[in-house]
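Colleague: Could you have a look at this structure, given as structure tokens, before my questions?
The values are calculated or read from the model by the stated rules, or taken from the named source; none is laboratory data. Here the structure is a predicted model, which means the values were calculated and not measured. Neighbour counts run over all protein chains shown; Cβ positions are idealised from the backbone, glycine included.
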Amino acid sequence: MDVHAPLPASLAGSAAAVGRTLVDRMPLGSVGRLGVAFSGGVDSGLLLALAVRTLGADRVLAVIGVSPSLARDELHGARDVAAAIGAPVVEVATHEGDHPMYRANGPDRCFFCKDELFSRISDEVAGRHGLVAVAYGENADDARRPDRPGSRAATNHDVLRPLADAGLGKSDVRALARALRLPNADKPAAPCLASRIPHFSEVDPVKLGQVESFERELRRLGFADCRVRHHGEVARVELADVDLARALEPDTRAALHAAGVAAGFRFVAVDVMGIQSGAFTLPLVQVDHG
């Protein structure tokens, strides 16, 4: 891939808008670097690519927060995407699990996770690597959702959100990622492992490990887009609609059960509603219809 490749006219304006936002929000006359909070997903991947396109790889640094809530497969994938883009990477250990409010797992759990990440970047990365600004991959659709408390942490830390500021929604992000041939352009959304645990059920490394182990086996079985929701002894498996029928075939059903038991669950259930983004959080937050 080439982040500097020409773009179709229908997409060039969106890429330029993100570039202008980055340039405008960097300190005037600065020759410092932009840190991009990087998860390896398509949003932060596109932001990283457009930052390199606009500022040059020597002025951009991908920062990956590493903790038990990040699946190892996701970490390896993030490294590969950053390498394909040509951006240098630094990994920083985050310790959100030490915060009692994070472990308590209320609807604002993501605030404490993002606050920890942005604090670590400020304390451990910014000075050492010459960062003068930090950005993350919130898009315009995310900005309108009520279940994104991490955005409050971004505001508190003056973290930039160039995709949202430029008005790029998820479909715009996907289209630009495909045009730039990013290796993660069609990657399914992969929220952190803690999002699989119902609110007010404590987040701990054992539960996170069970979810990670079962989801890894689901992907090995060919279910690329999946969630394992942790309900104590019960694993509730959410799959893409196109995969539901296959999941109930006798051999596949037996394999799913065996994988769940191996991961530490007693029972395995397949949710007939498929994947449900925000299903734990949305019922608990106030929706602003104004």
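Colleague: Report, by residue number, each residue of segment 161-200 that is in a loop (DSSP other than H, G, I, E, B), over 21 Å from residue 24 (Cα atoms) and among the aliphatic types (A, V, I, L, M).
Modeller: 180, 182, 185, 189, 190, 197
Colleague: Can you tell me which of (1) in a helix (DSSP H, G or I); (2) modelled with pLDDT of 95 or more; (3) closer than 15 Å to residue 37 by Cβ is the one residue 138 doesn't meet?
Modeller: The number of the failed condition is (1).
Colleague: Also, I was wondering about something else. Considering segment 35-93 alone, what residues qualify as being hydroxyl-bearing (Ser, Thr, Tyr) and either buried (at least 24 other Cβ atoms within 10 Å of the Cβ) or closer than 24 Å to residue 164 by Cα (or both)?
Modeller: Within segment 35-93, 39, 44, 54, 69 meet the criteria.
Colleague: Okay, moving on. Scan segment 266-280 and report the pairs whose first residue is surrounded by 14 or more Cβ atoms within 10 Å (Cβ to Cβ) and whose second residue is at pLDDT below 85 and assigned to a loop (DSSP other than H, G, I, E, B), with Cβ atoms within less than 6 Å and a gap of 6+ or a chain change.
Modeller: 278/147
Colleague: Taking the criterion of being farther than 22 Å from residue 49 by Cα and among the small types (Gly, Ala, Ser), would at least one residue in segment 158-172 satisfy it?
Modeller: No, there is no match, as no residue in segment 158-172 is farther than 22 Å from residue 49 by Cα and among the small types (Gly, Ala, Ser).
Colleague: Collect the residues in segment 201-210 that are assigned to a helix (DSSP H, G or I) and among the charged types (D, E, K, R), keeping them in residue-number order.
Modeller: The answer is 207, and nothing else.
Colleague: Further, regarding this structure: When residues of segment 193-222 are filtered for being of a type in the set (A, V, I, L, M, F, W, C), surrounded by fewer than 22 Cβ atoms within 10 Å (Cβ to Cβ) and in contact with a Leu (Cβ under 7 Å, 6 or more places away or on another chain), how many remain?
Modeller: 0
Colleague: Of all the residues that make up segment 120-142, how many are in contact with a helix residue (DSSP H, G or I) (Cβ under 6 Å, 6 or more places away or on another chain), of a type outside the set (A, V, I, L, M) and either without any contact (Cβ under 8 Å) to a residue 24 or more places away in the chain or over 24 Å from residue 68 (Cβ atoms) (or both)?
Modeller: Looking only at that region, the number is 2.
Colleague: Filter segment 143-163 for residues that are without any contact (Cβ under 8 Å) to a residue 40 or more places away in the chain and either under 15 Å from the mean Cα position of the chain (by Cα) or not assigned by TED's automatic domain parsing to the domain that holds residue 61 (or both); which is nearest to residue 58 (Cα to Cα)?
Modeller: Selected residue: 161.
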